[in-house]
Amino acid sequence: MPLDLSALPVRSARTADLGLLSLRVTSNLEHFDGHAYFARDAAEGTEPDYRVDCLDLDRDAFDPAEVAAAADDSLRARRFRGGYYLSHIHGEPAYLRTDGRRSYVFGRRLERTVWPYFVKRVLTEFAVDRGYLHLKAAGFTLDQGGGTLLVGPNGGGKTVFLSQACLAGARFLTNTHVLVREGAAHGVPTSVRIRRDAQFGPLIDRHGLTPHLEGGDYLAPAELVFGGRPVDRAVVRNVVVVDYNPGGRTGMEELDPAAAEAFLSQYAHAVTTYGLKDDVLAHQGRDVAEFSRVLMRMNRQLTGLVCSARCFRVNADLRDPKVRDAVLERLSG
């Protein structure tokens, strides 16, 4: 099949609402699992800010030589060709091409590229261009409307903390990503990861939820799990470093802003956490001065965030109602 980027086959598509921006994802597959990671559709007729076209090489017989010739020669494209997408997500070799705000990827099992790479890159590029700070963080609001951001290492308990807070009456802001500017966090609508247990097993079966890339979890819209519409924006009142470790020092304690900033710079700042520095440099036309200017601005925003909020470290089992209520009361105080 001759390769014509202006006439690629589209058999499924979704234009996702990502809060401050929209992203259209198309596929040449009739059913594409990559669509399940988005929780909210953009309004009908929305002109997307970004677009990603995913072409499965088993569905349409594109000429391999033409696909390889059309791919970028960027560092990220070379990594894609080696089957390395981002962070710990790997797969079969894929071919990446980016033309401004539109990207094309050719390969197999391409749902492994949409959320793990493209969404993160798009959010970071938007933050670069519009003056925001992109953070890896979960978040919710309490009765008074103040926002709480949850950050921490993978497996540290952020999802449990978020779920327990929302099941106790907090309003869902975001599960994974926020865009921050001038003290306000803008949530990015995403599906929530849930596990099959007595509480969520019937919901998984009733709605035929899509499994997450990482075994054992399923994807569900926050509205389905917690009820009610999530909030879109909140002034950040608390920043909580979550690291549940029963063998460690348990409890809830305040963190010095400098300590919180040092932690967030490694575990929440998207450029660092997701390894996107080469993508940002490419986005800035490989202009080192512009790249440095953007990073310095984001670092100032991170400093401002932790200095304007209360910062805590929490090592506690939020599944215990008494513990949960005590933590949430302190956060709302």
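The values are calculated or read from the model by the stated rules, or taken from the named source; none is laboratory data. This one's a predicted model, so the numbers in the text were calculated from it and none came from an experiment. Ideal geometry is used to build each Cβ from the backbone, glycine not excepted, and the neighbour counts take in all protein chains shown. Calculation scope for accessible area: heavy atoms of the full protein, side chains included, ligands and nucleic acids excluded. Shrake-Rupley method; radii C 1.70, N 1.55, O 1.52, S 1.80 Å.
The figures follow:
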quantity: Over the chain, volume per residue of the alpha carbon convex hull, in Å³; calculated: 138
quantity: Accessible area expressed per residue, the chain, with surrounding protein chains retained (probe 1.4 Å, Å²); calculated: 44
quantity: Carbon and sulfur %, accessible surface of segment 1-85 computed with the full protein complex present, 1.4 Å; calculated: 47
quantity: Over segment 201-279, volume per residue of the alpha carbon convex hull, in Å³; calculated: 213
quantity: Residues residue 287 and residue 307, FRET efficiency given R0 of 35 Å [Cβ-Cβ distance, rounded to 0.05]; calculated: 0.70
quantity: Heavy-atom accessible area order for 92, 47, largest first, 1.4 Å probe; calculated: 47, 92
quantity: Charge dipole of the chain about the Cα centre (unit charges at C-beta), most positive-ward option of 251, 283, 190; calculated: 251
quantity: Calculated P(r) of segment 251-300 - Cα pairs past 12 Å, %; calculated: 69
quantity: Near-label residues of segment 290-317 by backbone N, under 12 Å of a point 7 Å along Cα→Cβ of residue 235; calculated: 309
quantity: Tilt relative to the chain, helix 288-308 - C-alpha long axis, 0 to 90 degrees, to 10; calculated: 20
quantity: Rounded to the nearest 10 Å², the accessible area of residue 99 at probe 1.4 Å; calculated: 70
quantity: Solvent-accessible surface (1.4 angstrom probe) belonging to residue 329, in square angstrom, nearest 10; calculated: 130
quantity: Around residue 249: net Lys/Arg minus Asp/Glu count, Cβ-Cβ under 13 Å; calculated: -1
quantity: Segment 22-39 - phi-based ³J(HN,Hα) in whole Hz, Karplus 6.51/-1.76/1.60, Gly and Pro as x; calculated: 10, 9, 9, 10, 10, 8, 8, 9, 5, 10, 10, 5, x, 6, 6, 6, 9, 9
quantity: Accessible area of residue 90 in the full protein assembly, 1.4 Å probe (Å², nearest 10); calculated: 90
quantity: Binned Cα-Cα distance frequencies in segment 104-232 - 5 Å width, integer %; calculated: 2, 10, 19, 21, 21, 15, 9, 3, 1, 0
quantity: Rounded tilt (10° steps) of 158-167 against the dominant C-alpha axis of the chain; calculated: 70
quantity: Most to least accessible of 103, 332 (protein chains only, probe 1.4 Å); calculated: 332, 103
quantity: Helical contribution to [θ] at 222 nm, DSSP H n ≥ 4, -39,500 (n - 2.57), averaged over the chain, rounded to 500; calculated: -8500 deg cm²/dmol
quantity: Convex hull projection area averaged over all views, segment 56-133, Cα basis, nm²; calculated: 5.4
quantity: Of every Cα-Cα pair in segment 1-124, the percent that sits beyond 23 Å; calculated: 25
quantity: Beta bridge orientation in segment 38-182: antiparallel %, DSSP, nearest 5; calculated: 75
quantity: Percent of alpha-carbon pairs separated by more than 25 Å within segment 160-291; calculated: 42
quantity: Count, lysine Cα pairs under 18 Å in the chain, 8 or more residues apart or across chains; calculated: 4
quantity: Tilt relative to the chain, helix 321-332 - C-alpha long axis, 0 to 90 degrees, to 10; calculated: 90
quantity: Share, in percent, of DSSP beta bridges within the chain that are antiparallel, nearest 5; calculated: 70
quantity: Distance from segment 77-152 to segment 3-41 (C-alpha centre basis), Å; calculated: 15
quantity: Share of carbon and sulfur in the accessible heavy-atom surface of segment 267-333 [1.4 Å probe, %]; calculated: 55
quantity: Computed magnitude of the charge dipole of the chain (debye, nearest 20; Cβ of K, R +1, Cβ of D, E -1); calculated: 640
quantity: In order through segment 77-82: 3J(HN,Hα) via Karplus (6.51 cos²θ - 1.76 cosθ + 1.60), integer Hz, x for Gly, Pro; calculated: 5, 5, 5, 4, 5, x
